[in-house]
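Here is the structure we will look at, set down as structure tokens.
The values are calculated or read from the model by the stated rules, or taken from the named source; none is laboratory data. Please read these numbers as outputs of a predicted model, since none were measured by experiment. Note that we place each Cβ from the backbone using ideal geometry, even for glycine, and neighbour counts take in every protein chain shown.
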Amino acid sequence: MPISLKLTVHDEYLEAEFNGSRDTVDELGETFEAWSKIPIACEKHGLTKILAISKLDKRLKLDNTFVLTDKMTDIGFKPHYKISGVIYDDQLHLEYEVTATFIRNFGFQCEIFTTEKEAKKWLLDS
């Protein structure tokens, strides 16, 4: 099952919930397709805060993670966006910390959490 993305607009943030399994043949293309929908929704609704919830079975390969974060501006993400990630699986949480580090290194505010409560608190604080 490929990645599916459900976008939900809230008053102060956009919720992006990722479900499914990563495509081992075209994981980067599939990921770009999903992530490129987020800034379009943010612009449409005047939002800059994103709650990204991953229920995926594994994270993006490391080299593809770098490519994605390097291209975030190209697919519409703005430097003032604030991204709060939720990864429920403890092992995947550790692996996604690398992704968060890459995102921060490209100038975005980004943190990863294991609960929605913590993620929302950080996201909405400021």
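Points worth noting:
- Complete set of residues in segment 49-67 that are outside any strand (DSSP E or B), crowded, with 16+ Cβ neighbours inside 10 Å and in contact with a strand residue (DSSP E or B) (Cβ under 9 Å, 6 or more places away or on another chain): Arg59
- Complete set of residues in segment 68-92 that are of a type outside the set (Phe, Trp, Tyr), closer than 15 Å to Leu51 by Cα and touching a strand residue (DSSP E or B) at 6+ places or on another chain (Cβ under 8 Å): Lys82, Ile83, Ser84, Gly85, Val86, Ile87
To keep it simple, each residue is scored yes or no on (1) touching a residue at least 12 places away in the same chain (Cβ under 8 Å); (2) under 23 Å from Glu27 (Cα atoms).
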site: Gly46; (1), (2): no, no
site: Met72; (1), (2): yes, yes
site: Ile75; (1), (2): yes, yes
site: Tyr81; (1), (2): yes, no
site: Glu97; (1), (2): yes, yes
site: Gly107; (1), (2): yes, no
site: Thr114; (1), (2): yes, no
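- Yes/no for Ile75 being closer than 21 Å to Glu118 by Cα, outside any helix (DSSP H, G or I) and of a type outside the set (Asp, Glu): no
- Search result, residues across segment 69-104 that are over 20 Å from Trp122 (Cα atoms) and modelled with pLDDT of 90 or more: Thr69, Asp70, Lys71, Met72, Thr73, Asp74, Ile75, Gly76
- Test: Thr24 is of a type in the set (Ser, Thr, Tyr) and part of a loop (DSSP other than H, G, I, E, B): yes
- Among residues of segment 50-68 that are touching a residue at least 40 places away in the same chain (Cβ under 8 Å), those with a Cβ under 8 angstrom from a residue that is assigned to a helix (DSSP H, G or I) and acidic (Asp, Glu), sequence gap 6+ or separate chain, pair up as Leu51/Glu116; Ile53/Glu116; Arg59/Glu95.
- Glu95 being under 22 Å from Glu118 (Cα atoms), among the acidic types (Asp, Glu), surrounded by 14 or more Cβ atoms within 10 Å (Cβ to Cβ) and in contact with a strand residue (DSSP E or B) (Cβ under 7 Å, 6 or more places away or on another chain): no
- Inclusion of Ile40 among residues that are surrounded by fewer than 19 Cβ atoms within 10 Å (Cβ to Cβ) and either without any contact (Cβ under 8 Å) to a residue 40 or more places away in the chain or not in a loop (DSSP other than H, G, I, E, B) (or both) is warranted.
- Here Met1 fulfils each of the conditions (1) in contact with a strand residue (DSSP E or B) (Cβ under 6 Å, 6 or more places away or on another chain); (2) at pLDDT below 95; (3) closer than 20 Å to His93 by Cα apart from (3).
- Condition met for Ile38 (in contact with a Cys (Cβ under 6 Å, 6 or more places away or on another chain), closer than 15 Å to Glu12 by Cα and at pLDDT 95 or above): no
- Per the conditions (1) closer than 24 Å to Thr8 by Cβ; (2) without any contact (Cβ under 8 Å) to a residue 60 or more places away in the chain, the sole criterion not satisfied by Thr24 is (1).
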